[in-house]
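Here the structure comes first, spelled out in structure tokens, and everything after it is commentary.
The values are calculated or read from the model by the stated rules, or taken from the named source; none is laboratory data. Quantities reported herein were computed from a predicted structural model and do not represent experimental measurements. Positions of Cβ are generated from backbone atoms using ideal geometry, with glycine treated the same way; all protein chains shown enter the neighbour counts.
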Amino acid sequence: MKRALLITLLVTTVFTTQAQKVWTLDECIDYAIEHNLDLQKTQLARQQAEYQYKASKNAWLPTLSANAGEYLGFGQSPSYTGVYVSDNSSSTSFGASLSLPLFQGLNFYNTAKADALNLQATEMDQKATQLNLKLNVMAFYMQVLYGKEQVEIARRQVELSAEQLQKTQQLFENGRVAEADVYESRAQLATDQATLTQKETDLALSLLTLTQVLEIEEFEGFEVSSPEAFFAGQKLELDTPQTTITLALQNQPSMEAARLRVQKSHYDLKASKSAWYPSLDFYGGYSNGLYHYFGDNYPNTPVDEQLKRNSRAQLGVSLNIPIFNGMRTKYRVKMTEISIADQQLSLENTEKTLRKEIQQAYGNARAAQQKMAAMENSLEASRVAYDYAKAGYDMGKKTLLELNESKIRFHKAESDLLQARYEYLYRCKIIEYYRNAE
């Protein structure tokens with residue numbers, strides 16, 4: 001009961017709402033790109049990769065820090081000469097230090113290159129997610145268009161059945177057919193009306209599904225363009241599979257992301273090997289301090305004199321030569337080499353999967369193309385057969401059962417052709433996305 005009420009509400013909403021906004025496919029795709037949660041997650045991943053790259057790129061910059069402290073001493077207190085005196089005291093210290101890496105075995109350079117490639121790979125991941133989203137939206141959008149045309153076919157069938165009932169009623173009144181034919185025509189009209197209701201329900205549910213894919217909360221007032229407007233200017237041509245495969249291997253973001261990750265892993269290996277090389281750093285520092293004694297056992301020196309006397313600056317370089325670190329560098333390098341092999345396998349697998357998908361897409365497109373051609377011939381034949389059956393029934397040469405059977409075949413041929421038409425267009429659009437990756 002609840003399901004029936006929901007379906008009734010959806011149908012009423014779709015077909016009675018006034019002043020509806022008509023959404024084109026491009027508008028639906030743009031809206032989905034802006035609001036899709038999975039795509040937003042890829043955007044966050046890209047931002048993280050960007051900050052990681054910026055951090056590694058600036059790792060060679062100097063490190064500058066300052067420090068200050070205040071200390072109280074009771075009893076024996078140190079003086080600036082290092083001699084302890086018997087007075088309570090306070091001491092103030094402050095300073096600054098500078099550290100600049102001069103050579104780190106090219107670790108900073110290779111890490112920055114690896115992070116730059118990782119950033120590009122995440123951008124390709126984002127494009128791949130966006131491409132999949134476009135295909136998904138297009139599929140649901142075309143399902144709505146298909147539903148709209150199914151509704152129109154069902155509505156025409158209802159009109160034909162209503163006309164047939166009227167003619168059968170006239171033939172019965174003229175004594176040319178039995179009353180059973182009148183009831184048979186009424187039953188056929190009721191069946192077609194039920195089919196129309198079902199098609200309207202399917203369309204309403206398709207619209208609801210599309211709005212959910214777009215992350216649109218308000219279902220009321222949502223409408224898409226007409227099938228005629230959508231099909232205008234659509235190219236239904238197939239190129240050779242190899243041409244599409246060549247372009248896809250060059251343009252598909254998933255392929256580019258896999259290639260970038262292979263390159264990144266090579267720089268990761270270089271960065272790991274850098275731990276075997278010596279490192280050289282430059283250091284600089286400045287420090288100063290003040291002492292104050294609270295008793296009479298030791299005189300307090302003026303502040304300006306203390307600052308001059310206690311000032312200390314230093315410069316230097318530090319060379320660190322790795323000798324043994326528990327084999328950690330060796331095994332880190334080994335693991336990075338395994339990562340390179342893994343990324344290479346991922347690249348090959350992505351290429352093989354892409355080839356298979358394109359070959360399957362072409363197979364499906366050709367099958368839909370052949371089916372569409374066959375259905376066009378079938379529709380024309382069934383239309384002629386129905387016209388003959390209709391004329392024969394009017395002249396009393398065909399029974400109502402034969403007329404209805406011919407009508408059903410005509411209706412099925414219309415539906416089959418429509419399905420094949422949308423199937424073929426969808427397969428062509430998939431191939432187009434593979435070629436252009438946009």
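Scanning segment 368-411 for residues that are more than 26 Å from Tyr422 (Cα to Cα) and among the hydroxyl-bearing types (Ser, Thr, Tyr) yields a count of 3. Would segment 206-218 turn up any residue that is farther than 30 Å from Phe140 by Cβ and either part of a loop (DSSP other than H, G, I, E, B) or at pLDDT 95 or above (or both)? Checking segment 206-218: not a single residue is farther than 30 Å from Phe140 by Cβ and either part of a loop (DSSP other than H, G, I, E, B) or at pLDDT 95 or above (or both). Within segment 417-432, none of the residues are assigned to a helix (DSSP H, G or I), free of Cβ contacts under 8 Å to residues at least 24 places away in the same chain and surrounded by 19 or more Cβ atoms within 10 Å (Cβ to Cβ).
Do you know which residues across segment 46-78 are at pLDDT below 85 and in contact with a Phe, Trp or Tyr (Cβ under 6 Å, 6 or more places away or on another chain)? Across segment 46-78, the qualifying residues are Gln76, Pro78.
Whether any residue in segment 141-160 is buried (at least 20 other Cβ atoms within 10 Å of the Cβ), in a helix (DSSP H, G or I), of a type in the set (Phe, Trp, Tyr) and within 24 Å of the chain's Cα centre (by Cα) is what I want to check. Yes, because at least one residue in segment 141-160 is buried (at least 20 other Cβ atoms within 10 Å of the Cβ), in a helix (DSSP H, G or I), of a type in the set (Phe, Trp, Tyr) and within 24 Å of the chain's Cα centre (by Cα).
Which one is nearest to Tyr422 (Cα to Cα) among residues in segment 163-189 that are hydrophobic (A, V, I, L, M, F, W, C) and surrounded by fewer than 16 Cβ atoms within 10 Å (Cβ to Cβ)?
Narrowing segment 163-189 to residues hydrophobic (A, V, I, L, M, F, W, C): 165, 171-172, 177-178, 180, 182, 187, 189.
Keeping just the survivors that are surrounded by fewer than 16 Cβ atoms within 10 Å (Cβ to Cβ) gives 178, 180, 187.
Numbers: Ala178: 42, Ala180: 40, Ala187: 31 Å.
Looking at the filtered set, the residue picked out is Ala187.
When Ala116, Ala96, Ala121 are checked against the criterion of being more than 30 Å from Gln306 (Cα to Cα), out of contact with any Asp or Glu (no Cβ under 9 Å at 6 or more places or on another chain) and not aromatic (Phe, Trp, Tyr), Ala116 stands alone in meeting it. Screening Ser311, Ser265, Ser226, Ser272 for residues that are in contact (Cβ under 8 Å) with a residue 24 or more places away in the chain, in the same structural domain as Asp26 (by TED's automatic domain parsing) and surrounded by fewer than 17 Cβ atoms within 10 Å (Cβ to Cβ) leaves exactly one candidate, Ser226. Residue by residue through segment 271-305, note down the ones that are modelled with pLDDT of 85 or more and of a type in the set (Val, Ile, Thr). Once the filter is applied, which keeps residues that are modelled with pLDDT of 85 or more and of a type in the set (Val, Ile, Thr), segment 271-305 yields only Val303.
Glu218 meets the conditions (1) over 30 Å from Cys28 (Cα atoms); (2) assigned by TED's automatic domain parsing to the domain that holds Lys21; (3) without any contact (Cβ under 8 Å) to a residue 40 or more places away in the chain in every case but one. The failed one is (1). Hey, among the residues in segment 289-306 that are in a loop (DSSP other than H, G, I, E, B) and touching a strand residue (DSSP E or B) at 6+ places or on another chain (Cβ under 9 Å), which one's surrounded by the fewest Cβ atoms within 10 Å (Cβ to Cβ)? It comes out as Pro299. Residues of segment 246-288 being among the charged types (D, E, K, R) and in a strand (DSSP E or B), which ones? Result: Asp281, single match. Within segment 229-239, the presence of at least one residue that is touching a residue at least 40 places away in the same chain (Cβ under 8 Å), part of a helix (DSSP H, G or I), in contact with a Leu (Cβ under 7 Å, 6 or more places away or on another chain) and more than 26 Å from Thr122 (Cβ to Cβ) is confirmed. Taking Ala96, is it out of contact with any His (no Cβ under 6 Å at 6 or more places or on another chain) and outside any helix (DSSP H, G or I)? So Ala96 fits the description; yes.
Against the condition crowded, with 16+ Cβ neighbours inside 10 Å and either assigned to a helix (DSSP H, G or I) or among the charged types (D, E, K, R) (or both), how does Gln360 come out, does it pass? Criteria not met by Gln360.
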